[in-house]
1. Can residue 7 be described as part of a strand (DSSP E or B), out of contact with any Leu (no Cβ under 9 Å at 6 or more places or on another chain) and at pLDDT 95 or above?
2. Go through (1) more than 24 Å from residue 1 (Cβ to Cβ); (2) in a strand (DSSP E or B); (3) of a type outside the set (Gly, Ala, Ser) one by one and return the number of the condition residue 43 breaks.
3. Is there a residue being β-branched (Val, Ile, Thr) and part of a loop (DSSP other than H, G, I, E, B) anywhere in region 14-21?
4. Mind listing just one residue for me: the one in region 26-55 that is of a type in the set (A, V, I, L, M) and in contact with a helix residue (DSSP H, G or I) (Cβ under 7 Å, 6 or more places away or on another chain) and, of those, surrounded by the most Cβ atoms within 10 Å (Cβ to Cβ)?
5. Can you tell me which residues in region 1-44 are of a type in the set (Lys, Arg) and farther than 26 Å from residue 58 by Cα?
6. Consider residue 4 carefully, then state whether it is free of Cβ contacts under 8 Å to residues at least 60 places away in the same chain and loosely packed, with under 10 Cβ neighbours inside 10 Å.
Amino acid sequence: MPVISVELFEGRSRAQKKAFVEAVTRAAEEILKTPREHVWITFTDRPKSDWGIGGKLCDEPAG
């Protein structure tokens, strides 16, 4: 059973998450040959202030 964890910046809509779940589930079915009922996907929404890339917090202005 694949368990897919997705961490992303907060702010994605329910519709976007639903579309993602549908697309990734189809891909897992096809590529991993696993029944869709066995594909689990979890989302963790994080504020940009909780992410750092390249030595800066993601909520800081570029430059």
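1. Details: part of a strand (DSSP E or B): yes; out of contact with any Leu (no Cβ under 9 Å at 6 or more places or on another chain): yes; at pLDDT 95 or above: yes.
Here the answer is yes, as residue 7 does meet what is asked.
2. Among (1) more than 24 Å from residue 1 (Cβ to Cβ); (2) in a strand (DSSP E or B); (3) of a type outside the set (Gly, Ala, Ser), residue 43 violates only (1).
3. The answer is no; no qualifying residue exists.
4. Residues of region 26-55 that are of a type in the set (A, V, I, L, M), as a first pass: 27-28, 31-32, 39, 41, 53.
If we keep only those that are in contact with a helix residue (DSSP H, G or I) (Cβ under 7 Å, 6 or more places away or on another chain) too, we end up with 39, 41.
Working: 39: 19, 41: 16.
Ranking the candidates gives 39 first.
5. Keep residues of region 1-44 that are of a type in the set (Lys, Arg), which gives 12, 14, 17-18, 26, 33, 36.
Once the filter is applied, which keeps residues that are of a type in the set (Lys, Arg) and farther than 26 Å from residue 58 by Cα, region 1-44 yields 26, 33, 36.
6. Numbers: free of Cβ contacts under 8 Å to residues at least 60 places away in the same chain: yes; loosely packed, with under 10 Cβ neighbours inside 10 Å: no.
When the stated conditions are applied, residue 4 does not pass them.
The values are calculated or read from the model by the stated rules, or taken from the named source; none is laboratory data. If you're wondering where the values come from, they're calculated on a predicted model, not measured in any experiment. Glycine gets a Cβ as well: all are built from the backbone with ideal geometry, and neighbour counts include every protein chain shown.
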